[in-house]
1. Do we have any residue at all in region A:111-127 that's under 27 Å from A:His57 (Cα atoms), under 13 Å from the mean Cα position of the chain (by Cα) and surrounded by fewer than 22 Cβ atoms within 10 Å (Cβ to Cβ)?
2. Looking at (1) at pLDDT below 95; (2) away from chain B (no Cβ under 13 Å); (3) within 17 Å of the chain's Cα centre (by Cα); (4) within 16 Å of the ligand (Cβ to nearest atom), find the lone condition where A:Ala180 falls short.
3. Would you check if A:Phe187 is of a type in the set (A, V, I, L, M, F, W, C), over 16 Å from A:Leu32 (Cα atoms) and not in a helix (DSSP H, G or I)?
4. In region A:146-155, how many are within 14 Å of the chain's Cα centre (by Cα) and either in a loop (DSSP other than H, G, I, E, B) or crowded, with 24+ Cβ neighbours inside 10 Å (or both)?
5. Is it fair to say A:Thr246 is hydroxyl-bearing (Ser, Thr, Tyr), away from chain B (no Cβ under 13 Å) and closer than 22 Å to A:Gly170 by Cα?
6. Which ones in region A:212-237 are among the β-branched types (Val, Ile, Thr) and away from chain B (no Cβ under 12 Å)?
7. Could you run through region B:39-52 and say how many residues are within 11 Å of chain A (Cβ to nearest Cβ), within 12 Å of the chain's Cα centre (by Cα) and not in a loop (DSSP other than H, G, I, E, B)?
8. Scan region A:274-291 and report the pairs whose first residue is in contact (Cβ under 8 Å) with a residue 24 or more places away in the chain and whose second residue is within 7 Å of the ligand (Cβ to nearest atom) and part of a strand (DSSP E or B), with Cβ atoms within less than 8 Å and a gap of 6+ or a chain change.
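The values are calculated or read from the model by the stated rules, or taken from the named source; none is laboratory data. This one's a predicted model, so the numbers in the text were calculated from it and none came from an experiment. All Cβ positions, even for glycine, are placed from backbone atoms using ideal geometry, and neighbour counts span all protein chains on display.
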Amino acid sequence: MELHYTGEVLCAKHFTRKFWRRVKRHLSKEGLITSGDRVGIGLSGGKDSTVLLNVLHELFSRRTDISLVAITVDEGIAGYRSPSLEVARRACGRLGIKHVVISARDEFGRTLDEAVRIAGTQEQAPCSYCGVIRRHLLNVAARRAGCTKVATGHNLDDEAESVLMDFVRGDVNKMMRLGAKVGVRSFKGFVQRVKPLRLIPEKEIALFAILNGIEFDPAVCPYSHLALREDVRDAINALEVAHPGTKFAIVRTADRILPHVQKGFFGAVPQACGSCGELSSGPLCRFCQYAEELDSMEKGKKKGNGGSA
Amino acid sequence: MASKRGTGKRKAGAGKISVTVREIPGKARTASVARGAAISDLLSSLRINRERVVVRKNGRLLPESEALSNGDVVEVVSIISGG
Ligand SMILES: [Zn+2]
């Protein structure tokens, strides 16, 4: 096993030992999970979330002051979500972790496939719908399950991509929400999100899963090729090969700058969405905005003029 | 090291060796690399970014600095998934 950013070559045993050391250090340094926490683990069945499930189970299942529950969001993507849902179920059964599933069809009124059919794939990339739906439902399910934290499987590659994507899109608002702890600002009903694996490169999570015989669903989301993320990922991977350490540098730079900028940035007081009551930056949250948008797009299409925007 | 020469296979050029690459997901192909080339050289000649894959030989994970031998069959497994 090679860690190109340090130039180290490690055997499987030392790789695994180092992996654990880094995860534990990050958890304790940032105080991500503490006594009294009930942690909702976002579990898609892919490698990152399945490794996270196993890691948190190993670290906390013997603790009596910390409890775990797994949450799967079923976005409604035909042919993609069902196999991974099965992997998620099996993993929870094996580890004895309670598993809840929350679906877009029930809570949003539509599956992601239906939303894409109505909205098309050009203007609103499916990923922006999906991201909003997933975050919203994860929070709703976590609150219902009595969670004090939501842990997600975001890795170093995801985090570096998010930083650059916000630059590319010029999305300062979104950038301000990056960091080790997301949503620290207290708001009734908002469950704080933590990312225990955010300093572990994606490739090392895959290696850890393979070396430890952790079953995961290797499927790629059928909509992912439409996303800006894909282009940014290719660019970062090219940079990483030419300049090892790029991913760490991007995330570390953002982590060092953001706390200073964030202080001056959050002028607006977060408010409750007028429709659903969830945390929102305006009178209506994005989840409810999308639901309304889709309703009116669908009405326009039904009138028979193709519903041009 | 067993000699695989003279089995009717297309002979690799002078100073070259021939290896079989199985991409997962994907298909198998034959590649020709310089004698003494490492897995990282093979990946860059195939334009595969090493950040996106792990490489196995006979089911074992390999470091990318490992040298290839003529007739090797390596699996290049994509690690990019939905999360
Ligand atoms: Zn709302």
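1. Here is the first cut: in region A:111-127, the residues under 27 Å from A:His57 (Cα atoms) are none.
The answer is no; no qualifying residue exists.
2. Looking at each condition in turn, A:Ala180 falls short on (4).
3. Values: of a type in the set (A, V, I, L, M, F, W, C): yes; over 16 Å from A:Leu32 (Cα atoms): yes; not in a helix (DSSP H, G or I): yes.
Yes, satisfied.
4. Restricting attention to region A:146-155, the residues satisfying the condition of being within 14 Å of the chain's Cα centre (by Cα) are A:149-155.
Next, only the ones that are either in a loop (DSSP other than H, G, I, E, B) or crowded, with 24+ Cβ neighbours inside 10 Å (or both) stay: A:150-155.
Residues in region A:146-155 being within 14 Å of the chain's Cα centre (by Cα) and either in a loop (DSSP other than H, G, I, E, B) or crowded, with 24+ Cβ neighbours inside 10 Å (or both): 6 in total.
5. Details: hydroxyl-bearing (Ser, Thr, Tyr): yes; away from chain B (no Cβ under 13 Å): no; closer than 22 Å to A:Gly170 by Cα: yes.
In short, no.
6. Initially, region A:212-237 is screened for residues among the β-branched types (Val, Ile, Thr), giving A:214, A:220, A:232, A:236.
Within region A:212-237, A:Ile214, A:Val232 qualify.
7. Looking only at that region, the number is 4.
8. Pairs that qualify, where the first residue is in contact (Cβ under 8 Å) with a residue 24 or more places away in the chain and the partner is within 7 Å of the ligand (Cβ to nearest atom) and part of a strand (DSSP E or B), are A:Arg286/A:Ser280.
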